[in-house]
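Structure record follows, encoded as structure tokens.
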Amino acid sequence: MPLNDKIKAVLSTLTDEERELLLRLRELKNRDENAYQQALSEMVSMLYEFVPVPMEQFLTDPYYLGQFSGTIYPRLKRDLIELFDGNYSIIILTGSIGWGKTTFSAVSVLRIIYEILCFRNPPSVFGLMENATITVLLVGPTKNQVLYTLFDNVYNLVLTVPFFKEKVTKKIDLDEGIIDFPEKNLMVMAKSGDDNSMLGLNVIAAVIDEANFYEKTGARRVNTLYNVLTTRMKSRYLFHSRSPAKIFLVSSATTYDSFLETKVRELADKEGVFIRRYSLWDVKEGYYSTNTFPVFVGNRLAAPRIIREQDIDYYEKNYQNDFGVGPLVIKVPVDFYDDFRDDIYTALRDLAGYPVMSINPFLPNMEKFYNCVVSEQNPLLGGAILKHPFSHMVYEYPNADFYIDWDSITRKTAKGNRVPLINPQTPRFIHIDLGVKNDACGIAMGHIAEFERGKLFLSPVIYIDFMLRIKPVEGSEIYIEDIRDLILKFYDAGFNIIKITFDKFQSLESIQKFKSLGFNADTLSTESFEAYKLLKDIIYAGRIKFYYYEPFVKEIISLYLDVTKAKVDHPPEGSKDVADAVCGVVNSIYEYIVEKKVIFHSDDLYTATRDVIVKNRALIYADGIASSREDAIENYFRNMYGL
């Protein structure tokens, strides 16, 4: 910051009394320079026991941090000088692992301690009672975590920096995580995030370390802690011309919906907020190759990927920057090519410092997913394409304008009745993921379109006929009867619906209703990891086809594997209604296959009875006796699909 701007920033924070005093000092300086210098010296002496040195000197002078200067990256030195020369109260440090967030925090804490110790009577300076204790808090997910990292760094600096060794009295309790400066009524304390005792302290500065990793207390607790501490700091220290209160939020990047990313979006344009997000190579200048390769960081609808140099302009012009973290395309040193090739999500998060949609993504290789999307550029066999048959992408229930575009999914026969455009006689499977009261509902329908020949078996290829998300408007809830009516409309339009499955929520009545109408209806849970693994397997094998449906794409991108619960889940603000519906269709089809009687085949003869379907997600069928695999396939289609 230029000197004039610094002066203006300081002047803007002065009270009327301070401005009056400054004016009188200026008048004194114009009349008598010696008297001015003497008055200034007396004022400083009354306030300070030690006159604070500028931050740049603090970092380079051997009496302070000069002997450690070589361990602090040049970029971090520049940032530290900017931070303490400016008027910042909220500091956010995020990005990759290993760029020096802990070092930056420790040096910042040491500087704050130093500035407080320089006062003759710190409590009175900050408007507190003379015997009040001022506290600098170091907070972590657990006490041990903060003791062995940030507190240990600060403790070692206090023991080794000459100023702290020679000028101040200190008492240290390593077990409790306390550094006490009794002569100045100042304490540095390490605390766990769930320790409520810290909320009543006179906190002048706090570091909330690993802010994205409070597993036991959760993001809500971290947010509460942040709100309480900032409110208390403002109430106690806001009157000061340059508030000494500072709160640090520190953590490596995790997911887009994490606590720290939410705070970055909330505070990015606020005054007094200092944000630094670095990739590993941003800070460690000169450590890595100058040769780079481009990486598209992805957005909510498109997966990250390594791209070619000639494609950079295309990605920058045609993709929206949803995250706003940095550029859509980054240049990565070739040293990290293998990391990005092998696991681009982990590399983006841990090395580039970008948040990802999930920590353990359900589908790390989204290219496989997009290969399954049917479009005019990627049609089905024969050139057909799948289309969304509804008037709205999401049915905002109830909406009188919502309708089914039958011409997009059916055709009229010579007799005037409708039949499906694609595989008209093929049996259909529907799965409904019912919402809880005001939650959204997901519905999908699909069918087996063909069979791919493998070395031993024939594997089904599934087409998803439609997907739909139904979201009740505020103050409304979805009536299950309307869901049933929607399904019956497709049956009346000629779709051969042979199986309807529901998740377990409020599904008993619907199952009974459909059974009374002659449908095969039942519950089917998609909560297990195995259910989603089947969906993942057929996506990776390219044995499922669907149209581009934005709610489905968004859900798939954000799904993650919860290792502790052994299930696939969505982020706190996300959903998986449509994904559950598609997953349900796939599992319903495979259940239908597996539950049929199984007969294994020999090398030269296939024998079976009607409707025999081989287990283990594969099929070989023959009506009676077939002399070849080709005859078996033909007989299967003739009997089961009415060809």
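What residue, among those in segment 302-342 that are exposed (fewer than 15 other Cβ atoms within 10 Å of the Cβ), closer than 15 Å to Met366 by Cα and of a type outside the set (Val, Ile, Thr), is modelled with the highest pLDDT?
Among residues in segment 302-342 that are exposed (fewer than 15 other Cβ atoms within 10 Å of the Cβ), closer than 15 Å to Met366 by Cα and of a type outside the set (Val, Ile, Thr), the one modelled with the highest pLDDT is Arg341.
What about Ser391, is it among the polar types (S, T, N, Q), surrounded by fewer than 19 Cβ atoms within 10 Å (Cβ to Cβ), within 33 Å of the chain's Cα centre (by Cα) and modelled with pLDDT under 90?
Criteria not met by Ser391.
Can you tell which of Ala211, Ala190 is of a type outside the set (Phe, Trp, Tyr), open to solvent by less than 40 Å² (accessible area, probe 1.4 Å) and outside any loop (DSSP other than H, G, I, E, B)?
Exactly one residue qualifies, and that residue is Ala190.
Of all residues in segment 394-426, count the ones that are closer than 15 Å to Phe466 by Cα, open to solvent by 40 Å² or more (accessible area, probe 1.4 Å) and polar (S, T, N, Q).
1
For segment 29-38, state whether one or more residues are open to solvent by less than 60 Å² (accessible area, probe 1.4 Å), at negative phi, modelled with pLDDT under 90 and of a type outside the set (A, V, I, L, M, F, W, C).
yes
Run Glu474 past the list (1) open to solvent by 30 Å² or more (accessible area, probe 1.4 Å); (2) more than 35 Å from the chain's Cα centre (by Cα); (3) without any contact (Cβ under 8 Å) to a residue 40 or more places away in the chain and report the number of the one that doesn't hold.
Of the numbered conditions (1) open to solvent by 30 Å² or more (accessible area, probe 1.4 Å); (2) more than 35 Å from the chain's Cα centre (by Cα); (3) without any contact (Cβ under 8 Å) to a residue 40 or more places away in the chain, the odd one out for Glu474 is (2).
Given the criteria out of contact with any helix residue (DSSP H, G or I) (no Cβ under 8 Å at 6 or more places or on another chain), modelled with pLDDT under 50 and acidic (Asp, Glu), does Asp580 qualify?
For Asp580, the condition - out of contact with any helix residue (DSSP H, G or I) (no Cβ under 8 Å at 6 or more places or on another chain), modelled with pLDDT under 50 and acidic (Asp, Glu) - is not met.
Look through Gly382, Gly442 and report the one residue that is touching a residue at least 24 places away in the same chain (Cβ under 8 Å) and not in a loop (DSSP other than H, G, I, E, B).
Gly442
Identify, please: which residue in segment 58-76 is assigned to a helix (DSSP H, G or I), of a type outside the set (Phe, Trp, Tyr) and open to solvent by 50 Å² or more (accessible area, probe 1.4 Å) and is, among those, nearest to Val356 (Cα to Cα)?
Looking at the filtered set, the residue picked out is Arg75.
Tell me, which helices (runs of 4 or more DSSP H) wholly within segment 80-162 include 2 or more residues that are hydroxyl-bearing (Ser, Thr, Tyr) and surrounded by 20 or more Cβ atoms within 10 Å (Cβ to Cβ)?
It comes to 101-117.
Restricting to segment 504-524, name every residue that is of a type in the set (S, T, N, Q), free of Cβ contacts under 8 Å to residues at least 40 places away in the same chain and closer than 15 Å to His431 by Cβ.
Within segment 504-524, Asn520, Thr523 qualify.
The values are calculated or read from the model by the stated rules, or taken from the named source; none is laboratory data. Bear in mind that the values here come from a model prediction, so they are computed numbers and not experimental data. Neighbour counts are summed over all protein chains in view; Cβ atoms, including those assigned to glycine, are modelled from backbone coordinates with ideal geometry. Side chains included, ligands, DNA and RNA excluded: accessible areas come from the protein's heavy atoms. Shrake-Rupley method; radii C 1.70, N 1.55, O 1.52, S 1.80 Å.
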